[in-house]
Structures are given as C-alpha cells and as structure tokens.
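Heads up: the structure comes next, in structure tokens.
The values are calculated or read from the model by the stated rules, or taken from the named source; none is laboratory data. Predicted model, so just to flag it, every value in this text is computed and none were measured. Cβ placement follows ideal geometry from the backbone for every residue including glycine, while neighbour counts extend to all protein chains displayed. Ligands, DNA and RNA are stripped out before the accessible areas are found, and what is left, the full protein with its side chains, is counted by its heavy atoms. Shrake-Rupley method; radii C 1.70, N 1.55, O 1.52, S 1.80 Å.
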Amino acid sequence: RLYIKMSNKDPEIKLILLGESGVGKTSLIKRITDQDFNENEASSLSMTYTLKEIVKNHRTIKLNIWDTIGQEQYRSIAKLFLNDTKIVILVYSILSENSFKELDYWYNLCVENLGPNITLGIIGNKADLFLDQQVSEEEGKEYADKHKALFGLFSAKDEGYKGQINMFVNELLKRYLIKEDPTFQDNDEDNNKI
C-alpha cells in the first residue's frame, strides 16, 4: 500500500483556522489538542500554532494547527500566514450573522492565495447556545455544500463535542491525503483518531 508522497521523515501538514474575532477559533484548537476550554479565553492578538501528531498507516503526521487574528485591522497579517497551508477551516459563530457573512471574505482570501482546490472545512461554533442562534444549521450546510467543504456544527465549550471535533479534523486530513495521493487508503482504523 502507498502512504504519502513525501520524504522518509515524518510529514508535516499545515492547517489554519480563519474567521472573525470572537467566533472561538482558539477554543476549538484547544479542544482538538486535548486541552480544556477556558471560559475567559481572550481573542488572539498574535498568530500561533500548535503541533498535533496523528498516526496514519503507521506513519506519524505532524499537523501544525495555526490560530489567526480575526480583527479587521489584522486581516493583512492573516494573509501572510497562508503560505504552504494545506487545510483551511473557516469558523463562524451561530450567534453572529455578521461572522457568517464574513466567511466570503475569508474564503476568497484562501482561493486568491492557495487556489480553488483547497481542502476546506466550515465550522459553526457555539452550538450549545442554539436558543440565541442567528445562523441556522441549514444555512451553514448550504454554504459548505456551495464551496465543496466539510461542515460541522460544534461547541468548543461543551466537552461532549470534543470527539466530534476530532473526527471532523481527521476527515479533513483524510480528504487532503486522498487529494495528494488518490491511492491513499486509511487502513489504521484504531490508530487514526486525533
């Protein structure tokens, strides 16, 4: 079986989360990397990344997960960090119609810098607050379908979503690997969980 068309060293894949300030990108990353939710998490004021190792077909893949600044005055900085990105997750808050509308900006930024064939995920965050939602799940799914993206509705705050968030990232990684090597098969069912 073929693995990944890369050198013998463990491959590194860059994943970046983009979206408006306050949608919960940092909190989602903490869920992905097995850290706790922090109720008082401040909005990111710098670009940071976290390393997560995942085993696929007996190879360790280093997933570099980048957190970005969502404030409008820092958008040009986010653009600089798109270089070599392989997987993009666009995040909006279901409590903010504006954060959903701004997905177009972030999507267009990705296409301009990475091309139209990016491996893309869309996350509607803060699902635990569904009683106050401004964006329906159907709207999120339609947007994802329109852009051939994987869709997920999650809550970084709710511990119960942790496994689902990890499965979402795992599925995005698998989509990327298949795109890079159509013969790739995910044969390590027990080892590929994030």
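Table for the structure above
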| read-out | value |
| --- | --- |
| Candidate set from segment 88-100 (those that are surrounded by 24 or more Cβ atoms within 10 Å (Cβ to Cβ) and among the aliphatic types (A, V, I, L, M)); member that is farthest from residue 14 (Cα to Cα) | 94 |
| Residue in segment 128-146 that is most open to solvent (accessible area, probe 1.4 Å), counting only those that are farther than 21 Å from residue 16 by Cα and touching a strand residue (DSSP E or B) at 6+ places or on another chain (Cβ under 7 Å) | 137 |
| Output for segment 149-160, where each listed residue is open to solvent by less than 50 Å² (accessible area, probe 1.4 Å) and not small (Gly, Ala, Ser) | 150, 151, 153, 154 |
